[in-house]
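J.: Below you will find the structure I want to go over with you.
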Amino acid sequence: MHILNQHINFPKVTEADHEGLLAIGGDLSVERLLLAYNSGIFPWFNEDEVILWWSPDPRFVLYPEDLKVSKSMKQFLRNCNFEVTINKDFKAVITNCAKVKRVGQSGTWITNNMINAYCKLHKLGYAKSVEVWDNNELVGGFYGVDLNNGVFCGESMFANKSNASKAAFITFIQNTNYSLIDCQVYTAHLERLGAKEISRTKFLSYLNFNNSRG
């Protein structure tokens, strides 16, 4: 297991274990986070743990052209009163994501340090939030890291009303032009929307292609 220090670097992702765990330690500085995401690595850890860095194989992604919207969801989107915005209240979105109770999790991995770190990324233009409003009340949304190279790395979502996070995700995909949405690890919810697993090597090829192109 690789233990990180004050130097901003990571081991090769091929050195991750079978679950995708690559390294522990380090910090959540802007420089380290940007290097991580551009290298196909992301932090994910519980409140009482040191920072854990992951690069799973396979990787769960969504090609925007593969987005699946059910007939019932299309009808819901046509008839609902939701207003969807981008970057209107990043801190409120990430804070709400931290409060969501998730099956099989007793706490949250979105710690105060994580919130502060991603708010810094947001101020620098590297993180985005998508908000869903109902009568000016924030009822859902999600946030992630925008690498500014065609790849959007989704982090977490929340919904205080039925279909709110799904409305945020679908509207965002349909109104942006990313080449790939990184969903990190499998969830049945995102699989129903069209996400699928690809090899880590293939995922990294998108990062490398877009980085060299950009």
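J.: With runs of 4+ DSSP H residues as the only contributors, calculate the mean residue ellipticity of the chain at 222 nm using -39,500 (n - 2.57) per run, divided by the residue total and rounded to the nearest 500.
T.: Rounded to the nearest 500, it is -9500 deg cm²/dmol.
J.: Using only the Cα atoms, what convex hull volume per residue in Å³ does the range 132-214 have?
T.: 95 Å³
J.: Using a probe radius of 1.4 Å on heavy atoms only, what accessible surface per residue do you get for the chain? Whole Å² is fine.
T.: For the chain, the solvent-accessible area averages 51 Å² per residue.
J.: Turning to a different aspect of this structure: Could you check how much of the accessible area of the chain is carbon and sulfur, as a whole percent, using a 1.4 Å probe?
T.: 48 percent
J.: Evaluate the relative contact order of the chain (contact order divided by residue number), counting alpha-carbon pairs under 8 angstrom at least 6 apart; express in whole percent.
T.: Once normalised by length, the contact order is 24 percent.
J.: Next question, about the same structure. Among the helices of the chain (complete DSSP H runs), which have Cα atoms covering no less than 27 Å along the helix axis and a Kyte-Doolittle mean of at least 1.6? It would help to have the intermediate numbers written out before the result.
T.: On the way: long enough: none.
Once both thresholds are applied, nothing remains.
J.: Quick check: the distance between the Cα centres of the range 5-47 and the range 175-190, to the nearest angstrom?
T.: Going from one Cα centre to the other spans 20 Å.
J.: How long is the gain from H189 to M1 if the chain were fully straight, where each residue apart is worth 0.36 nm and the alpha carbon distance is subtracted?
T.: The H189-M1 span can extend by a further 64.5 nm.
J.: Beta carbons within 10 angstrom, averaged per residue: use that to sort the peptides 143-153, 184-194, 63-73, highest first. Let's see the in-between values first.
T.: Details: 143-153: 20.8, 184-194: 15.2, 63-73: 12.5.
Highest to lowest by the protection proxy: 143-153, 184-194, 63-73.
J.: Sticking with this structure for a sec: For the chain, count the residues as N, evaluate 2.2 N^0.38 Å, and divide the Cα radius of gyration by that value, please.
T.: For the chain, the normalised Cα radius of gyration is 1.00.
The values are calculated or read from the model by the stated rules, or taken from the named source; none is laboratory data. From a predicted model like this one, the values you see are computed outputs, not experimental measurements. FYI the Cβ positions are ideal-geometry reconstructions off the backbone, even for glycines, and counts take in every protein chain you see. We work out accessible area using only protein heavy atoms, side chains counted, and drop any ligands, DNA or RNA first. Shrake-Rupley method; radii C 1.70, N 1.55, O 1.52, S 1.80 Å.
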